[in-house]
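Remarks on the structure that follows.
The values are calculated or read from the model by the stated rules, or taken from the named source; none is laboratory data. All of these numbers come straight from a predicted model, not from anything done at the bench. Methodologically, a virtual Cβ is constructed for each residue, glycine included, from the backbone with ideal geometry; neighbour enumeration extends over all protein chains shown.
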Amino acid sequence: MITIETSHGVATVTLNRPDSHNALTPEMIADLTVAFQRLGEDDAVRVVVLTGAGRSFCAGADLAAMRAAADYTFAENVADGEAIYDLMEAVNGCPRPVVGRINGAAIGGGVGLVACCDIAVAVERAVFAFSEVRLGILPAVISPFVLAKIGPSAARELFLTGERFSAARAREIGLVHHVAPDEAALDETVRERVAALLQAAPGAQADAKALIREVAWSRRADMRSLTSQLIARRRASDEGREGMSSFLEKRPPSWQEDE
């Protein structure tokens, strides 16, 4: 249901149910969660690209799974929600940069995955929707990740209407960062973003991701100590020392030597 291909430090994770628009089954959710946890622990992986097979990125919940959920107990529905949250957290919290190659429609939980990507590049024909309210439910589990990306103002309109919106609108609200006119341009933009990410120190990138999460949701009163300690640790790290030495010596740092 998913495939993983790794080349030159870049792992491409593909949602691989094109006939079902890559809708998420419980098994697929579990496999994706484990995949991102393992990739985040693999020092050979520098960047993760997340995409879908075929013409869609991810249609959200699988219809068969939704039918089954209608007969779940309250406890079973809670467990199902927790599994989806764990997937979003695995993508969002992955210490490797995650680039979303949004090759088509992203609906419901599929938009949640887009929101969890550090950099999202969408093809122009892609459409997005938080369609849950039109089914009488809520985008509850994905909401912390989506709100961190688009803010409450855009969410008020899109969560409440459940309407579809374009890639241009997704870029306007910060859900995606780049819009490409076609698949060839999509791939080129993804390659360019990956190349830019490979220029940075991997440990510093992991700390930068943690920094963003910490600062965005912490009290300002805590920021002086927090940020000062973080920069002090990075400057004293092997990467920090190597980065400064290479800059002063006018040479590429060690993590770029094989690029």
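If only one of 155, 221 is of a type outside the set (D, E, K, R), without any contact (Cβ under 8 Å) to a residue 40 or more places away in the chain and closer than 23 Å to residue 59 by Cα, which one is it? Spell out the reasoning first.
On the way: 221 fails: closer than 23 Å to residue 59 by Cα.
Going through 155, 221 in turn, just one is of a type outside the set (D, E, K, R), without any contact (Cβ under 8 Å) to a residue 40 or more places away in the chain and closer than 23 Å to residue 59 by Cα: 155.
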With out of contact with any Gly (no Cβ under 6 Å at 6 or more places or on another chain), assigned to a strand (DSSP E or B) and among the hydrophobic types (A, V, I, L, M, F, W, C) as the only criterion, which of 106, 83, 120 stands out? 106
Breaking point among (1) surrounded by fewer than 17 Cβ atoms within 10 Å (Cβ to Cβ); (2) in a helix (DSSP H, G or I), for residue 159: (1)
When residue 205 is evaluated against the numbered criteria (1) out of contact with any helix residue (DSSP H, G or I) (no Cβ under 8 Å at 6 or more places or on another chain); (2) more than 24 Å from residue 23 (Cβ to Cβ); (3) of a type in the set (S, T, N, Q); (4) surrounded by 17 or more Cβ atoms within 10 Å (Cβ to Cβ), which criterion, by number, is the only one it fails? (1)
Specify the residue that is surrounded by the fewest Cβ atoms within 10 Å (Cβ to Cβ); the eligible residues are those in segment 104-152 that are β-branched (Val, Ile, Thr) and within 17 Å of residue 80 (Cβ to Cβ). 137
Considering segment 162-203, residues that are more than 18 Å from residue 107 (Cα to Cα) and not in a helix (DSSP H, G or I), and then whichever is nearest to the chain's Cα centre (by Cα), we arrive at 178
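What do you reckon, is residue 54 part of a loop (DSSP other than H, G, I, E, B) and modelled with pLDDT of 95 or more?
Criteria met by residue 54.
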If the requirement is being surrounded by fewer than 13 Cβ atoms within 10 Å (Cβ to Cβ), modelled with pLDDT under 95, among the basic types (Lys, Arg) and within 26 Å of residue 9 (Cα to Cα), which of these qualifies: 224, 220, 241? 241
Pick out the one residue from 141, 98, 114 that is more than 18 Å from residue 28 (Cα to Cα), β-branched (Val, Ile, Thr) and in contact (Cβ under 8 Å) with a residue 40 or more places away in the chain. 98
